[in-house]
1. Consider THR214 carefully, then state whether it is assigned to a strand (DSSP E or B), of a type outside the set (Phe, Trp, Tyr) and in contact with a Ser or Thr (Cβ under 7 Å, 6 or more places away or on another chain).
2. Return yes when ALA134 is buried (at least 22 other Cβ atoms within 10 Å of the Cβ), among the hydrophobic types (A, V, I, L, M, F, W, C) and either part of a loop (DSSP other than H, G, I, E, B) or in the same structural domain as ALA52 (by TED's automatic domain parsing) (or both) and no when it is not.
3. Hey, could you check segment 239-268 for residues that are of a type in the set (Lys, Arg) and modelled with pLDDT of 90 or more and say which is surrounded by the fewest Cβ atoms within 10 Å (Cβ to Cβ)?
4. Would you mind listing the helices (runs of 4 or more DSSP H) fully within segment 1-80 where at least 1 residues are within 18 Å of the chain's Cα centre (by Cα)?
5. Do we find a residue being assigned by TED's automatic domain parsing to the domain that holds ARG43 and either in contact with a Pro (Cβ under 6 Å, 6 or more places away or on another chain) or within 18 Å of THR205 (Cβ to Cβ) (or both) anywhere in segment 108-121?
6. Looking at ALA96, is it without any contact (Cβ under 8 Å) to a residue 40 or more places away in the chain and hydrophobic (A, V, I, L, M, F, W, C)?
7. Does THR127 qualify as being in a helix (DSSP H, G or I), among the β-branched types (Val, Ile, Thr) and surrounded by fewer than 19 Cβ atoms within 10 Å (Cβ to Cβ)?
8. Within segment 143-165, can you find the residues that are assigned to a loop (DSSP other than H, G, I, E, B) and within 17 Å of PHE118 (Cβ to Cβ)?
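The values are calculated or read from the model by the stated rules, or taken from the named source; none is laboratory data. Predicted, not measured: the structure shown is a model, and the values here were computed from it. Quick reminder, even Gly has a Cβ in these numbers, built from the backbone with ideal geometry, and neighbours come from all protein chains shown.
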Amino acid sequence: MEITEHIDALRREGNRLAEAAARTELSAPVPTCPEWQLVDLLRHIGYVHRWAATILSQGLRAPLDETGAQAAVGPLPSDAALLDWYREGHTALVGALTAAPADVECWSFLPSPSPLAFWARRQAHETAVHRHDADAAAGMPGPAVDTALALDGIDELVSGFMTRGRSTLRSDRPRTLQVRATDGADSGTGSGADSSTGTGSWRLTITQEPLTVTTGESPEPADLTLAGPARELYLLLWNRLPSGRARDVVATGDRDLLDLWHDAAALR
């Protein structure tokens, strides 16, 4: 996805999050984040949006420390003003990304073509995933995530977050997981994903070392294959959709790998 597409996704998903929150009590539990109520979700995403906008707009070369983050975020609002506070932070982040020059230099933490590309992508998925959380708190499903965004978010998760040394996804014996989006490039549906890179299918090898990921298919069967629409794989792999509720995802092989993923691949 292009930077402008990520910014558009951030704007769209952020507005959807606000719409879900507006029709829900702040005390409503968030089923996909069991320790949270909606008030906690809005405080978190409002904080993250301001934190990211500050790093980008000020061209900071290192992450904010606690004092700097508190200064960037400012005092938390009252519950009555919380939704407006969230909207203001979301609007400011979209504005910061839109106004930033293509060659802006600032801190980032995953491989990316540029810091601007990193922050646009990261905040699009941060917001899209938490939009699903807000829908869960509201008790009704929202619109499905666009296929292109879902494919991109799967790739960020498995090729970015899960390959870092700090990831806890490990196995005493080598195990393989094939993720195949049936509406991705490898499905032949013409979804717009780049078939030359194999986007739409990922093979994950889990060992005692950091995860290794290759794109495309392998002639060797995987221990577990997950095949289904990108929108469901996106939520399933981000641990927002229990496997029993992924109606269109077919799991073939060792389903214990799903338990390992759920326990070890959570981001905190």
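1. Spelling it out, it is not the case that THR214 is assigned to a strand (DSSP E or B), of a type outside the set (Phe, Trp, Tyr) and in contact with a Ser or Thr (Cβ under 7 Å, 6 or more places away or on another chain).
2. yes
3. Going through the qualifying residues, I end up with ARG255.
4. The qualifying helices (runs of 4 or more DSSP H) are 3-22, 38-57.
5. For segment 108-121, residues assigned by TED's automatic domain parsing to the domain that holds ARG43 and either in contact with a Pro (Cβ under 6 Å, 6 or more places away or on another chain) or within 18 Å of THR205 (Cβ to Cβ) (or both): present.
6. no
7. no
8. MET162, THR163, ARG164
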